[in-house]
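Shown next, in structure tokens, is the structure this report addresses.
Throughout, read-outs are computed from the coordinates displayed, never taken from laboratory work. Everything numeric here is computed off the predicted structure, so don't read it as measured data. A quick note on method: Cβ atoms are made from the backbone with ideal geometry, for glycine too, and the neighbour counts reach across all protein chains shown.
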Amino acid sequence: MPTIAIVGAGPQLGLAIARTFGSHGHSVALVSRNRAKLDGLVAKLAADGITAAAFPADVLDRDALTAALRDASTHFGGIDVLEYSPVGGFDSTILTLPSATAPADVQHEMDFQLYGAIAATQAVLPAMRHASAGTLLFTTGAGSIDPVPQVGNVNAAAAALRNWAVNLHKELADSGIQAAHVGIDVSIGMSVVPGFPTAQPEEISPVYWELHTTHRDKGERVFSR
């Protein structure tokens, strides 16, 4: 049975992606720092008849993240799909305007977004290369493409992740391994900015399945209204 590892698994988009892949016969490895929340997601997936397991790790701890993904691979007999979409909380993410951004404001976001994605990829890519098959998907907000001043530091790191993911897609062309960036240009679930479009996570998750199956030649998809 193929397996998807979802890093940054959350109760909205992460769960929807898990259900989409699970409904197509994938087992699901869930990776994030909160064990209790992961266990709750595993229970929800089990109720849907989807095989899932939790592997707690903080993406800022790259050794722990690598170990979690290796444990997941051992548990399920391999990882066929990696989806990376950690979401920062207001307790850890300070938003800055471009002119007010200090190097440290970007450094935290680079650790969280780009460096975590690189570490996760390094944990699973060698086995994918050996199999000449696999999928690597990386999620950011659409500010990685069209930045918004109010989140200047977050957008800068997201743009770095987008650049790296699209470049990885180019590098892996014709290898049997798909890499792609997903930009989300909506609020998920409910609007946090008046007038900004929203979408339910179940509307977004098919994009990931399409990149894994029918759109493997695409290095990027943007979900928007």
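Brief remarks follow.
- Placing +1 on each Lys and Arg Cβ and -1 on each Asp and Glu Cβ, with no other charges, gives region 81-225 a dipole about its Cα centre of roughly 240 debye.
- Integer Hz, Karplus 6.51/-1.76/1.60 couplings in order for region 103-108, x for Gly and Pro: x, 5, 5, 7, 4, 4
- Cα-based Rg of the chain normalised by 2.2 N^0.38 Å, two decimals: 0.95
- Expressed as a fraction of 2.2 N^0.38 Å, the C-alpha radius of gyration for region 7-86 is 0.98.
- Long-range HN-HN contacts of residue 179 with modeled amide H, under 5 Å: 136
- Overall dimensions of region 93-165 by Cα: Rg and Dmax, Å: 14.2, 46
- Computed from the Cβ-Cβ distance with R0 of 22 Å, the FRET efficiency linking residue 67 to residue 1 stands at 0.45.
- Each part gets one Cα centre, and for region 145-179 versus region 1-54 those centres are 24 Å apart.
- Extents of region 91-225, largest first, come to 45, 33, 23 Å (Cα atoms, principal axes, whole angstrom).
- Karplus-derived 3J(HN,Hα), 6.51/-1.76/1.60, for each residue of region 134-139, Hz, glycine and proline x: x, 9, 10, 10, 10, 10
- Close amide H pairs (under 5 Å, H built 1.01 Å from N) link residue 52 with 28, residues at least 5 positions away or on another chain.
- Distances between placed amide hydrogens fall under 5 Å for residue 222 paired with 183, all partners being 5 or more residues away or on another chain.
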